[in-house]
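J.: Okay, handing you the structure first.
The values are calculated or read from the model by the stated rules, or taken from the named source; none is laboratory data. As the structure is a computational prediction, the values presented were derived from the model and not from experiment. Using ideal geometry, Cβ is built from the backbone for each residue, glycine included, and neighbour counts are taken over all protein chains shown.
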């Protein structure tokens, strides 16, 4: 049962406590609005929260005044109905003037008011008061988290540029491409954003319930029910509200640790490779990140599962029973899934790397991601395709960059009979020299070990057939081929070398006219 209004032991301590809590809520909302909004928008934001703030002040005043329960039962329902209408009109008026997050808080406040009004009309006034007080504390805590997060965001944006510049000065060899490349200096902000802020929001729920229960001196009852196992299957699981909060909070913490572990590994591995390569630009497929990142993720999530089993008191015997049942029922149905899983592990172990160029089933593209079921590639035309891992093994895919990242290109050229083949060879080699440059990774686009070779291929019907061979980087293959063909065509024209095309002589024979 909810205690009555006269259960407080000391009037003055209770009054000061309630006033401090109200001042805290008011300050949290005002600070959050001032940080996030500007000018006239702050005033409109205050009006959006004004109904709930005023209702909170009235409830505190009634609590301090020790209004009898009989009078409260008469006054509170119409008061709630009045403020519910007030909140609805406020939302309607300022719905386009404040951010969406504040509108969400406003609509939730309206929903709580509606629920509380219904509860009060049904005769459970003190329960309705408790629900309303809980939401007031929850709103206060959420606004506090919001304000603190916004302050950290402002500090981060104001100092991160200098932090990044200093880090780049200390490590000029590193290829900075995105925010994760600065993880060594930005990880505290990521900790707040990915772990501490979500955990604070989760913990606000039990804390607001505790604060609301303290208004009616029900702290002991709340603590008892928070730890009460509402699901307690002996030998299998022990579930309570406090354990759910702990498990969910740990999830966000481990999600951040997985992100941090993967990012730090990638960061320091790239930095080590670039440093040892003499300053050459880093290529993503130089190192197999996928397997190491998956090992980090699996290890940390396995630790999370162990902690989950320990917290919820799930014995290993229960896991074995569940696992045996699933293995019996789903083993055959999951055959393809298991095949893809094991093939995925083999691919991650070195046969494929993100950034490799492969060819499978006539489709050519760059490996975008590898997981335990599929390998996703981006084709030359920008389409995204996903191949089951077992398909890659069955089709004997070609890894075009696994060996040396070069691919042979042959360009067929036909010249007129009577041309000096050696002269044509010199013209073609000279014409292609402008294309022998370095790419963004510092590699020669045309493999200098092989060079450009013009070979005599045979005698055609209309031309002497030559073939221009070179090894080009896989990434530049199509672009290089188009440019090379254009340069060859222009060079042969400029030097008077004719490129023949099929011709036919047509003779028309006139037959004598028949006598009439």
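J.: Which residues, taken from segment 190-218, are at pLDDT below 85 and in a helix (DSSP H, G or I)? Please lay out each step first, then the result.
T.: Within segment 190-218, the subset at pLDDT below 85 is 211-218.
Once the filter is applied, which keeps residues that are at pLDDT below 85 and in a helix (DSSP H, G or I), segment 190-218 yields 211, 212, 213, 214, 215.
J.: Which residue, of 165, 127, is within 30 Å of residue 78 (Cβ to Cβ) and either modelled with pLDDT under 85 or not in a helix (DSSP H, G or I) (or both)? Steps first, answer last, please.
T.: Values: 165 fails: within 30 Å of residue 78 (Cβ to Cβ).
The conditions single out 127.
J.: Take residue 399 and tell me if it is touching a residue at least 40 places away in the same chain (Cβ under 8 Å) and either more than 47 Å from the chain's Cα centre (by Cα) or under 30 Å from residue 354 (Cα atoms) (or both). Let's see the steps before the verdict.
T.: Numbers: touching a residue at least 40 places away in the same chain (Cβ under 8 Å): yes; either more than 47 Å from the chain's Cα centre (by Cα) or under 30 Å from residue 354 (Cα atoms) (or both): yes.
When the stated conditions are applied, residue 399 passes them.
J.: What are the residues in segment 480-498 that are surrounded by 13 or more Cβ atoms within 10 Å (Cβ to Cβ) and either under 41 Å from the mean Cα position of the chain (by Cα) or closer than 10 Å to residue 409 by Cβ (or both), if any? Walk me through it before giving the result.
T.: If we filter segment 480-498 for residues that are surrounded by 13 or more Cβ atoms within 10 Å (Cβ to Cβ), which is where we start, we get 480-481, 483-485, 487-489, 491-492, 495, 497-498.
480, 481, 483, 484, listed by residue number.
J.: For residues that are surrounded by fewer than 20 Cβ atoms within 10 Å (Cβ to Cβ) and within 16 Å of residue 453 (Cβ to Cβ), tally how many sit in segment 412-422.
T.: Adding up the residues that qualify gives 3.
This table checks each residue for (1) surrounded by fewer than 17 Cβ atoms within 10 Å (Cβ to Cβ); (2) modelled with pLDDT under 70; (3) closer than 30 Å to residue 178 by Cβ.
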site	(1), (2), (3)
243	no, no, no
261	no, no, yes
272	yes, no, yes
277	yes, yes, yes
280	yes, yes, yes
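J.: Can you tell me which residues in segment 423-439 are buried (at least 17 other Cβ atoms within 10 Å of the Cβ) and touching a helix residue (DSSP H, G or I) at 6+ places or on another chain (Cβ under 9 Å)?
T.: Result: 424, 427, 428, 431, 432, 435.
J.: I would also like to ask the following. Can you tell me how many residues within segment 447-478 are outside any loop (DSSP other than H, G, I, E, B) and in contact with a strand residue (DSSP E or B) (Cβ under 9 Å, 6 or more places away or on another chain)?
T.: As a first pass, look at segment 447-478 and keep what is outside any loop (DSSP other than H, G, I, E, B): 452-459, 464-473, 477-478.
After this cut, where a residue has to be in contact with a strand residue (DSSP E or B) (Cβ under 9 Å, 6 or more places away or on another chain) as well, the list is 452-459, 464-473, 477.
Final tally of qualifying residues: 19.
J.: Okay, moving on. Among the listed residues 463, 405, 390, 426, identify the single one that is in contact (Cβ under 8 Å) with a residue 60 or more places away in the chain and over 19 Å from residue 482 (Cβ atoms).
T.: On the way: 463 fails: in contact (Cβ under 8 Å) with a residue 60 or more places away in the chain; 390 fails: in contact (Cβ under 8 Å) with a residue 60 or more places away in the chain; 426 fails: in contact (Cβ under 8 Å) with a residue 60 or more places away in the chain.
From the options 463, 405, 390, 426, the qualifying one is 405.
J.: Name the pairs whose Cβ atoms lie under 8 Å apart, with the first residue in segment 133-157 and closer than 24 Å to residue 211 by Cα, the second at pLDDT below 85 and exposed (fewer than 15 other Cβ atoms within 10 Å of the Cβ), and 6 or more positions between them or separate chains?
T.: 146/101
J.: Another question about this same structure. In segment 379-438, which residues are over 20 Å from residue 492 (Cα atoms) and assigned to a helix (DSSP H, G or I)? Write out each step before concluding.
T.: First, pick out the residues of segment 379-438 that are over 20 Å from residue 492 (Cα atoms): 379-408, 437-438.
Result: 389, 390, 391, 392, 393, 394, 395.
J.: What do you reckon, is residue 108 part of a helix (DSSP H, G or I), within 27 Å of residue 41 (Cα to Cα) and modelled with pLDDT of 85 or more?
T.: Details: part of a helix (DSSP H, G or I): yes; within 27 Å of residue 41 (Cα to Cα): yes; modelled with pLDDT of 85 or more: yes.
Yes; evaluated as a whole, the condition is true for this residue.
J.: When residues of segment 361-372 are filtered for being in a loop (DSSP other than H, G, I, E, B) and surrounded by 16 or more Cβ atoms within 10 Å (Cβ to Cβ), how many remain? Let's see the steps before the verdict.
T.: Within segment 361-372, the first condition is being in a loop (DSSP other than H, G, I, E, B), and the residues that meet it are 361-362, 371-372.
With surrounded by 16 or more Cβ atoms within 10 Å (Cβ to Cβ) added as a condition, the list becomes 371-372.
Summing the residues that are in a loop (DSSP other than H, G, I, E, B) and surrounded by 16 or more Cβ atoms within 10 Å (Cβ to Cβ) in segment 361-372 gives 2.
J.: If a residue must be more than 20 Å from residue 478 (Cβ to Cβ) and modelled with pLDDT under 85, how many such residues does segment 396-443 contain?
T.: So the count comes out to 3.
J.: For segment 306-324, give me the residue count where each residue is surrounded by 13 or more Cβ atoms within 10 Å (Cβ to Cβ) and at pLDDT 80 or above.
T.: So the answer is 5.
J.: At positive phi and touching a residue at least 60 places away in the same chain (Cβ under 8 Å) - does that describe any residue in segment 436-458?
T.: If we filter segment 436-458 for residues that are at positive phi, which is where we start, we get 442, 451, 458.
Within this subset, residues satisfying the condition of being touching a residue at least 60 places away in the same chain (Cβ under 8 Å) are 442.
Yes, that holds for at least one residue.
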